[in-house]
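Visitor: Following this message is one structure expressed as structure tokens.
Read-outs: derived from the displayed coordinates by stated rules, not from any lab. Keep in mind that what you see is a predicted model, and the values were worked out from it rather than measured. No Cβ is skipped: glycine too gets one built from the backbone with ideal geometry, and neighbour counts run over all protein chains shown.
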Amino acid sequence: MSETTDPDLDDSVRIADPSIDTDVIDRIESALEEGALADGPEVRAFESEFGAYCRTDHAVATSNGTTALHAALEALDVEDGDAVITTPFSFVASANAIRLAGATPVFADIDLETYTLDPADVERVLAERDDVVGLLPVHLYGLAADVSALCELADEHDLFVLEDACQAHGAAVRGDRVGGFGDAACFSFYPTKNMTTGEGGIVTTDREDVAERVASYVNHGRAENGTGDYDHVRLGHNYRMTALAAAIGRSQLERLPEFNERRRENAAYYDDRLADLPLETPTEPDGYRHVYHQYTIRTDDRDALADGLAARNVDAAIYYETPIHRQSAYETVSTAAAELPRAQRAAETVLSVPVHPALSERDRRVVVEEICDYFHNQ
Ligand SMILES: Cc1ncc(COP(=O)(O)O)c(C=O)c1O
């Protein structure tokens, strides 16, 4: 649903524009009539449908993607003094969740083609430290990280793998969807994501013990098989999803395949038309299914190109201009001094252009025209 009152008068091309079906109103009405607003059957139904989509045995809904990551790390027994290896090139929440769990995020560099954790650099870090308990790869921009190599490393070193799939609903590797590769995975349903619940998140897992502990952590630490409603066995939180969010999520999940197809079509349109320009377009490695949460190009002219697009009313965005370990909030983190040249290079050159499913034919034509004009006038 676009925020503008008359879309015909608005020629801007937004970086995100969630499409909400009118059936959401009916679903919300029935959730309201049912009366269980904070949790309850609507949330359980959404969990079971999302888990089925990811083909995992369990799914536990949460209030957002960050709380999903925090609760999952707690359920995986991460504690003070532990270290978890993650990427410096992500939204800050990926590493923040490790800190919230009391552990230290340790950064390994990325592969510059895929923008995801480079297993070889993870191996380098593992050789240097003996306090690492897990890996937290991020499926950035809608492309899965190198899960085979990372899971192999985790097996060798007896580590857990927690997938940050907050940007990758429906991404797959050799036919398997993200969400089931590691010990657990977390998704965000923030409005800019491939599907939304307003605010919301979910943890998917095949491990029953992890699902039970996540459900406990998100609900004030209640006993898994509690004898009574007020039997609390650990320090938990209120990270629950509301029934209203779940009602939106159930409608969005039905449309996720269509949304992702549309994103892929828009990406293919850009791939074809930008191929001969002096810039890098996104990579989709063999066997991978990219769901283009973002369509991110890379060029040394990034800032001037972004200005040109802005002049034509096209939103282009930089995800992310400052790698996590270089953020001010990380100055006191012991691993903030790491030299990670490929993450730094990505931060200096990436630019994401609109690829969302609500783009019109005109919208994507304007994006291409502006990028082509920019380079032809150089
Ligand atoms: C990679 C990644 N991890 C974690 C999060 C956190 O999700 P949320 O904003 O729902 O807390 C986001 C959301 O932007 C994200 O993109």
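Visitor: With an 8 Å cut-off on Cα pairs and a minimum separation of 6 or more residues, tell me the relative contact order of the chain in percent.
Guide: On the way: 807 pairs, mean separation 81.6, N = 378.
RCO, the chain: 22 percent.
Visitor: Follow-up. In a shell of Cβ-Cβ distance under 15 Å around HIS376, excluding HIS376 itself, what net charge do Lys and Arg (+1) and Asp and Glu (-1) give? Please list the in-between numbers first.
Guide: Numbers: positive: ARG273, ARG312; negative: ASP276, ASP301, GLU369, GLU370, ASP373.
Charge balance near HIS376 sits at -3.
Visitor: Follow-up. Using a Gaussian network model of the chain with C-alpha springs under 10 Å, which one of GLN167, GLN327, GLN344 is most mobile by mean-square fluctuation?
Guide: Per the Cα network of the chain with a 10 Å cutoff, GLN327 tops the list.
Visitor: Here is a further query. Put +1 on the Cβ of each Lys and Arg and -1 on the Cβ of each Asp and Glu in region 23-251; which of PHE91, PHE189, LEU150 then has its Cα farthest toward the positive end of the dipole?
Guide: PHE189
Visitor: Compare ASP300, ASP229, ASP158 in a GNM of the chain, Cα atoms joined below 10 Å, and give the one with the largest fluctuation.
Guide: ASP229
Visitor: Hey, another quick one. Let me know the charge dipole size of the chain about its Cα centre in debye, to the nearest 20, where only the beta-carbon of Lys, Arg (+1) and Asp, Glu (-1) is charged.
Guide: Values: 31 positive and 72 negative charges, 60 e Å.
Charge dipole of the chain: 280 debye, to the nearest 20.
Visitor: Could you tell me which residue out of GLN294, VAL353, ALA310 lies farthest along the dipole of region 256-376 toward its positive end? Charges go on the beta carbon: Lys and Arg +1, Asp and Glu -1, centred on the Cα centre.
Guide: About the Cα centre, the residue reaching furthest to the positive side is GLN294.
Visitor: Anyone know which of ALA317, ALA185, ALA72 comes out most mobile in the 10 Å Cα GNM of the chain?
Guide: Top of the fluctuation ranking is ALA317.
Visitor: Based only on Cα atoms, what mean projected area does the convex hull of region 1-97 have, in nm²? Spell out each step's value before the answer.
Guide: On the way: hull surface 40.1 nm².
If I average the Cα hull's projected area over directions, I get 10.0 nm².
Visitor: Something else about it: Charges at C-beta only: +1 for Lys and Arg, -1 for Asp and Glu. How large is the resulting dipole of region 256-376 about its Cα centre, in Debye rounded to 20? Can you show the working numbers first?
Guide: Details: 14 positive and 23 negative charges, 58 e Å.
With Lys and Arg at +1 and Asp and Glu at -1, about 280 debye.
Visitor: OK, next. With each run of n ≥ 4 DSSP H residues scored as -39500 (n - 2.57), what mean residue ellipticity at 222 nm is computed for the chain after dividing by its residue count and rounding to the nearest 500 deg cm²/dmol?
Guide: So the helix-based figure for the chain works out to -12000 deg cm²/dmol.
Visitor: Towards the positive end of the charge dipole of the chain, with charges on Cβ (+1 Lys, Arg; -1 Asp, Glu), say which of VAL125, ILE25, THR204 has the farthest Cα.
Guide: Positive-most Cα among the choices belongs to ILE25.
Visitor: On to the next question. Need one number: % antiparallel among DSSP beta bridges in the chain, to the nearest 5. Working shown, then result.
Guide: Numbers: 22 of 37 bridges.
Of those bridges, close to 60 percent are antiparallel.
Visitor: Which trypsin sites (Lys or Arg not before Pro) from region 105-174 combine a DSSP loop assignment with at most 11 other Cβ atoms within 10 Å? Show your work: numbers first, answer last.
Guide: Details: sites: ARG124, ARG129, ARG174; in loops: ARG129, ARG174.
Passing both the DSSP loop test and the Cβ count: ARG174.
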